[in-house]
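Quick notes on the structure that follows.
Every number here is computed from the coordinates shown, using simple stated rules; none is lab data. The model shown is predicted, which means the values in this text are computed figures rather than measured ones. FYI the Cβ positions are ideal-geometry reconstructions off the backbone, even for glycines, and counts take in every protein chain you see.
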Amino acid sequence: MSLPVLAKPVVAKPTPPRPDGITFLGGLALLAGILLLFAGISLALPWYPRWVDGPGLIGFGIILIFGYVGFVGVAQFLPTLFPAMIVMLGILYLAAGIGFFSGRRWAWTLSIALALVGVASTILQIITWNQAGDEFFAIPGLIVTLLMLVYLATPLARNFFFKRRAGQGPVVGG
């Protein structure tokens, strides 16, 4: 004799697959993190008689393309702070890339914050480097960060990061 089963077993809903755009942005964030770590370390190395003869030139080229040269004014006052700031950005990009692949909510928030910092820095770079004629180098970084902000605001991306997972309570604010 068996007892009747009154409750249905709880079965977790399968999680939706990761959108291709999220996978692409995760890979892009990991690549950006590696490049920014390299740039920060190469800028922190002791300079040769001229900094353009050493690895600092490669690091400067990387941050020029990313649009973070707008923060070079910090290097005038605290020269050790600028490479540390670039290394910290690299670590944050690596964390965002890892969070993208696992679909973490904090990765979405972190990537929005990094994109806003990137937009602010590239606009600052365009304004301050306009006199030198090098404002074009900030344009690719500005385009990429704006496209990233637009994509992350789409319902497809938001639903991936803010979906209800098995064992979690209700989604707050999303």
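Each peptide in 146-159, 87-100 gets a packing score, the mean of other Cβ atoms within 10 Å over its residues, and the list from highest to lowest is 87-100, 146-159. Rounded to two decimals, what is Rg over Rh for region 20-161 when you use alpha-carbon atoms and the Kirkwood radius? Across region 20-161, the Cα-based Rg/Rh ratio is 1.00. Spacing of the modelled spin labels on residue 98 and residue 153, each 7 Å from Cα toward Cβ, amounts to 3.0 nm.
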